[in-house]
Amino acid sequence: MKILVTGGAGFIGSNFVLKQLNETTNQILNLDKLTYAGNPENLATLVDNLRHRFVQGDICDQGLINKLIEDFRPNAVVHFAAESHVDRSIDGPAEFIQTNIVGTSVLLEEALQYYRGLSSEGKSGFRFIHVSTDEVYGSLGDSGYFTETTAYDPSSPYSASKAASDHLVRAWQRSFGLPTLITNCSNNYGPFQFPEKLIPLMIIKALAGKPLPVYGQGLNVRDWLYVEDHCDAINVVLAKGQPGETYNIGGNNEQQNIAIVKQICAILDQLRPRPNGKSYDELITFVTDRPGHDLRYAIDASKIKSELNWEPSMSFVQGLRVTIEWYLDHPDWVRNIQNNTYQQQRLGVL
């Protein structure tokens, strides 16, 4: 297959690209704007790979998208590109609206024009995969799960912009017949994650001996999905999913934020003990909660299991340790981000 991947230098996108090139014979055209979260270092091992072509560009640039699609002639578009951090969306919603909504509409329109020109055989194999989030569903109480039919109820500019993009993708399928599929995933973690997110932020701050800021009392609950499991699920949806369908992708790993931070501290106590002999958990500091912080997300992923025979393979205990070991083994990757892009400052404070 020939796959156009948007956002393929970001966290999930780069993991997807690496797995595709390591485990398949597919060709990848990788488009990324290289904003703060897009990192060419994530793709360093692909520099001589003839099946990978990288293009720096914006999904909002309709002329560029048209040229790339017409020249590459993909069998599929896998759309990761998005502004994705809730706190950052509170500071600056406009970028989220532009990239997540306008950018998705540009991709849909150009993909549709390309699709209309394909042969019947080409049409039958073409897919547009839109990678979204469980945050579009809003907040759960202490019980219940998000299903594919849960009503949308976004709380942040980020989740609202992703909800809007989901609706556009469905509309292009229903109105114009573009063979689209939507995946809504739970919180990802793993290698290459930009350190504004909870798990890498806590790892990096702990190693620097800085306070570990936990919002509120740390009781907010998320379902955690190892990034390579997520990439495998997307590949299954690409191969076997039915156009027009939505698939929730979860990790079956509900955890309170405070429990995550304490587990990180315990693993670091084993792998990289502090010079003063004290536990990292003494660095935990409770701070003012995020505005509009959803209490709980939990995914019902039974549909993708029953219909496409996918379920996660990585336990959270194992995945968290693998993730921490990766950050310990890649200090230069972390240092370059700290020097050039992000110094772990808090965002989204009203």
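Please indicate, with yes or no, whether at least one residue in segment 166-183 is surrounded by 21 or more Cβ atoms within 10 Å (Cβ to Cβ) and closer than 17 Å to TYR226 by Cβ.
Yes: segment 166-183 contains one or more residues that are surrounded by 21 or more Cβ atoms within 10 Å (Cβ to Cβ) and closer than 17 Å to TYR226 by Cβ.
In segment 240-282, which residue that is of a type in the set (D, E, K, R) and over 20 Å from the mean Cα position of the chain (by Cα) is farthest from LYS197 (Cα to Cα)?
LYS240
Could you identify the single residue in GLY177, GLY241, GLY216, GLY138 that is closer than 17 Å to ASP87 by Cβ and among the small types (Gly, Ala, Ser)?
GLY216
Only one of these conditions is not met by ALA94: (1) surrounded by 15 or more Cβ atoms within 10 Å (Cβ to Cβ); (2) within 17 Å of SER161 (Cα to Cα). Which number is it?
It is condition (1) that ALA94 fails.
Rundown of residues vs (1) among the small types (Gly, Ala, Ser); (2) touching a residue at least 12 places away in the same chain (Cβ under 8 Å); (3) not in a loop (DSSP other than H, G, I, E, B), yes/no style:
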| residue | (1), (2), (3) |
| --- | --- |
| PHE54 | no, yes, yes |
| LYS67 | no, no, yes |
| VAL78 | no, yes, yes |
| ALA82 | yes, yes, no |
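Quick check: anything in segment 11-32 buried (at least 24 other Cβ atoms within 10 Å of the Cβ), of a type in the set (A, V, I, L, M) and in a loop (DSSP other than H, G, I, E, B)?
The answer is no; no qualifying residue exists.
Starting from segment 297-323, take each residue that is charged (D, E, K, R) and list its partners that are in a helix (DSSP H, G or I), counting only C-beta distances under 6 angstrom and pairs at least six apart or across chains.
Correct list of pairs: GLU311/LYS305; ARG321/ILE267.
Would you tally the residues in segment 185-239 being among the hydrophobic types (A, V, I, L, M, F, W, C), over 14 Å from the mean Cα position of the chain (by Cα) and more than 26 Å from ASN340 (Cβ to Cβ)?
So the answer is 7.
Looking only at helices (runs of 4 or more DSSP H) that lie completely in segment 246-350, which have at least 3 residues being modelled with pLDDT of 95 or more and either among the charged types (D, E, K, R) or closer than 30 Å to LEU168 by Cβ (or both)?
Helices (runs of 4 or more DSSP H) meeting the threshold: 302-308, 316-329.
Restricting attention to segment 90-121, which residues are without any contact (Cβ under 8 Å) to a residue 24 or more places away in the chain and either within 18 Å of PHE176 (Cα to Cα) or assigned to a helix (DSSP H, G or I) (or both)?
ALA94, GLU95, ARG116, GLY117, LEU118, SER119, SER120, GLU121
Of the residues VAL131, VAL102, which single one is in contact with a Phe, Trp or Tyr (Cβ under 7 Å, 6 or more places away or on another chain) and β-branched (Val, Ile, Thr)?
One residue alone meets the criteria, VAL131.
Within segment 305-321, can one find any residue that is among the aromatic types (Phe, Trp, Tyr), under 22 Å from VAL221 (Cα atoms), surrounded by 13 or more Cβ atoms within 10 Å (Cβ to Cβ) and in contact with an Asp or Glu (Cβ under 6 Å, 6 or more places away or on another chain)?
No, there is no match, as no residue in segment 305-321 is among the aromatic types (Phe, Trp, Tyr), under 22 Å from VAL221 (Cα atoms), surrounded by 13 or more Cβ atoms within 10 Å (Cβ to Cβ) and in contact with an Asp or Glu (Cβ under 6 Å, 6 or more places away or on another chain).
Being within 29 Å of GLN338 (Cβ to Cβ) and either surrounded by 21 or more Cβ atoms within 10 Å (Cβ to Cβ) or free of Cβ contacts under 8 Å to residues at least 60 places away in the same chain (or both) is the requirement here; does GLU135 meet it?
Yes; evaluated as a whole, the condition is true for this residue.
Among the residues of segment 129-139, what is the count of those that are closer than 18 Å to ILE97 by Cα, β-branched (Val, Ile, Thr) and either more than 18 Å from the chain's Cα centre (by Cα) or outside any helix (DSSP H, G or I) (or both)?
Of the residues in segment 129-139, 2 are closer than 18 Å to ILE97 by Cα, β-branched (Val, Ile, Thr) and either more than 18 Å from the chain's Cα centre (by Cα) or outside any helix (DSSP H, G or I) (or both).
Mind checking which residues of segment 25-46 are of a type in the set (Val, Ile, Thr) and under 23 Å from ASN235 (Cα atoms)?
Within segment 25-46, THR25, ILE28, THR45 qualify.
Can you tell me which condition GLU41 does not meet? The list is (1) closer than 22 Å to PHE128 by Cβ; (2) part of a helix (DSSP H, G or I), and all the others hold.
So the condition that GLU41 fails would be (1).
Somewhere in segment 282-290, is a residue acidic (Asp, Glu) and closer than 30 Å to PRO157 by Cα?
So far as segment 282-290 goes, yes, one or more of its residues are acidic (Asp, Glu) and closer than 30 Å to PRO157 by Cα.
Which of the following residues is over 12 Å from SER161 (Cβ atoms), part of a helix (DSSP H, G or I) and modelled with pLDDT under 95: ASP87, ASP71?
None of the others qualify; the one that does is ASP87.
The values are calculated or read from the model by the stated rules, or taken from the named source; none is laboratory data. None of the values given here were measured: they were computed from a predicted structure. Every residue, glycine among them, receives a Cβ derived from its backbone with ideal geometry; neighbour counts consider all protein chains shown.
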